[in-house]
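The values are calculated or read from the model by the stated rules, or taken from the named source; none is laboratory data. This structure is a prediction, so every number in the text was calculated from the model and none was measured. Every residue, glycine among them, receives a Cβ derived from its backbone with ideal geometry; neighbour counts consider all protein chains shown. Heads up: the accessible areas ignore ligands, DNA and RNA and are worked out on the full protein's heavy atoms, side chains in. Shrake-Rupley method; radii C 1.70, N 1.55, O 1.52, S 1.80 Å.
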Amino acid sequence: MDDVRFMRRALELALLRKGLTHPNPTVGCVIVKDGKIVGEGYHEKVGMPHAEVVALQKAGEKAKGATLYVTLEPCSHYGRTPPCTDAIIRAGLKKVVVATLDPNPLVSGRGVARLREAGIEVVLGVLEEEAKRINEDFFAYITQKRPYVTLKWAQSIDGTMGTKTGDSKWISSEESRAFAHKLRAEATAVLVGINTALRDDPELTVRAFEWERQPLRIVLDPQLRISEGLKLVKDGKAQTLVVTAKEDRDKIDRLQELGVKVIIATSEDRRLNLGEVLRELYFLDVMHLLVEGGAYTLTSFIKEGLFDRIWVFLAPMLLGEGKRIGDLNINYVAQAKRLKLRDLKRFGEDVALEYLFQQS
């Protein structure tokens, strides 16, 4: 079926920019006339023309009477760019095939209605599930008013994330770590707790391949214990944000002079309010948050149900007692947080499992 074939090409184009358009969705578009593609486009980044406009510019006069395939409903409002529906109508297209509606209430259904009012045939729902999957972070960001949260960790097959001494380099294979950098590339921000920051002195950057943008690096640090000598503070490779409950003005000023952004959040029993943290990140345009550790921080997100999916890397080793997911206040199996297996990958001798959280 031609609609499926051309929409699949539009999805391929959208995937080229996955992780680079935040807080906008990633969108691909194809224009077809007489069975041939006459224009293609994708949304490059915030502030740049949308995929439909790029494809129309490439198609030129050939767009008249053609069919446009787009992975997300065309916008019908003025945002950072003019409405795409107006450009489509002006171009004289006869048909528009849309994979899925936009969840944004400023757009949802209105773009399709505007096109139909102009006499353009609109087909909706071609490869809809695939289109929703590539923008699941955008959908969560819009509908839940918080970042889409991915939890990621590596463990031995007996569930240990680090030995009793805290050693965890390296549990996962080099191939697994390369894929973990892909997860970083697709995220707006990468988050760790202060214990991980102090113990491992991580960079939290994308280094396994060339990438146009580095994610925001976030440290949860209730007592503002962060050292000014850490790579996260002094390397300048990416922006770093420290979230704390301690209003130590002298230290905050020193961190800010070093280029580190600091925000204050409330805490209880030396634990930051994660719901509040996620709201603050939403207002900072963090659409997709990757939480990398450590065990205490991961446990906190799981305990409060503030996550959407998990990537766990299982290494073929036995470590026994050590760092692992902690107490979730679960006394009975019926209380367990339920997950749905969506993907399974092999990286050398490692197995990586992707689970979706089945939120009630």
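In the full protein context, segment 219-313 carries 45 Å² of accessible surface per residue, based on a 1.4 Å probe and ignoring ligands, DNA and RNA.
The accessible surface of segment 217-260, taken with every protein chain in place and a 1.4 Å probe, is 40 percent carbon and sulfur. Which listed residue (Val333, Ala10, Leu344) has the Cα farthest towards the positive end of the charge dipole for the chain, taking +1 on Lys and Arg C-beta and -1 on Asp and Glu C-beta about the Cα centre? Farthest towards the positive pole: Ala10.
Averaging over all projection directions, the Cα-based convex hull of segment 292-360 occupies 5.5 nm² in the image plane.
Hull volume per residue, based on the alpha-carbon atoms of segment 1-130 and their convex hull, is 90 Å³. Over the Cα atoms of segment 264-317, the radius of gyration divided by the Kirkwood radius equals 1.02; this is the Rg/Rh ratio.
Assuming charge only on the beta carbon of Lys and Arg (+1) and of Asp and Glu (-1), the dipole of the chain about its Cα centre is about 460 debye to the nearest 20. Place +1 on the Cβ of every Lys and Arg and -1 on the Cβ of every Asp and Glu in segment 6-149, take the dipole about the Cα centre, and give the residue among Val126, Cys84, Pro74 whose Cα lies farthest towards its positive end. The residue sitting farthest along the positive end of the dipole is Cys84.
Below 15 angstrom from the Cβ of Arg146, what's the summed charge of the other residues (Lys, Arg +1; Asp, Glu -1)?
On the way: positive: Lys145, Arg279, Arg309; negative: Glu136, Asp137, Glu276, Glu280, Asp285, Glu304, Asp308.
Local net charge: -4.
Legend: Rg and Dmax of segment 140-196, from Cα coordinates, 14.0, 42 Å. Under the criterion of Cα pairs below 8 Å and six or more residues apart, the relative contact order for segment 1-118 equals 21 percent.
From the largest down, segment 183-289 spans 40, 29, 23 angstrom on the principal axes of its Cα atoms. Sequence-ordered 3J(HN,Hα) estimates for segment 127-133 from the Karplus curve with 6.51, -1.76 and 1.60 and θ = phi - 60° stand at 6, 4, 5, 4, 5, 5, 5 Hz, glycine and proline given as x.
In Å², what does the accessible area per residue of segment 115-165 work out to with a 1.4 Å probe? Don't skip to the end; give the middle numbers.
Working: 2260 Å² over 51 residues.
Here the residues of segment 115-165 average 44 Å² of exposed surface.
Between the listed residues Asn195, Met161, Asn104, the Cα displaced farthest toward the positive end of the dipole of the chain, a dipole computed from Cβ unit charges relative to the Cα centre, is found at Asn104. The ellipsoid that matches the Cα gyration tensor of segment 229-331 has semi-axes, each √(5λ) in whole angstrom, of 28, 18, 15, with the longest given first.
Which order, highest average first, do 340-349, 195-204 follow once you tally other Cβ atoms within 10 Å for each residue and take the mean per peptide? Kindly include the intermediate steps, with their values, before the conclusion.
On the way: 340-349: 11.8, 195-204: 19.2.
Ranking the peptides 340-349, 195-204 by packing returns 195-204, 340-349.
Run through every distinct alpha carbon pair of segment 135-245 and return the Kirkwood hydrodynamic radius in angstroms, one decimal place. Mean inverse Cα-Cα distance, inverted, gives 15.5 Å. Taking amide H as placed 1.01 Å from N in the peptide plane, Ile218 has its amide H under 5 Å from the amide H of Val190, Leu191, Val192, Leu241, each at least 5 places away in sequence or on another chain. So for the chain, what percent of the C-alpha to C-alpha distances run longer than 34 Å? Value for the chain: 34 percent of Cα pairs lie more than 34 Å apart. Over segment 214-258, all Cα pairs binned in 10 Å intervals from 0 give whole-percent P(r) values of 28, 60, 12, listed from short to long.
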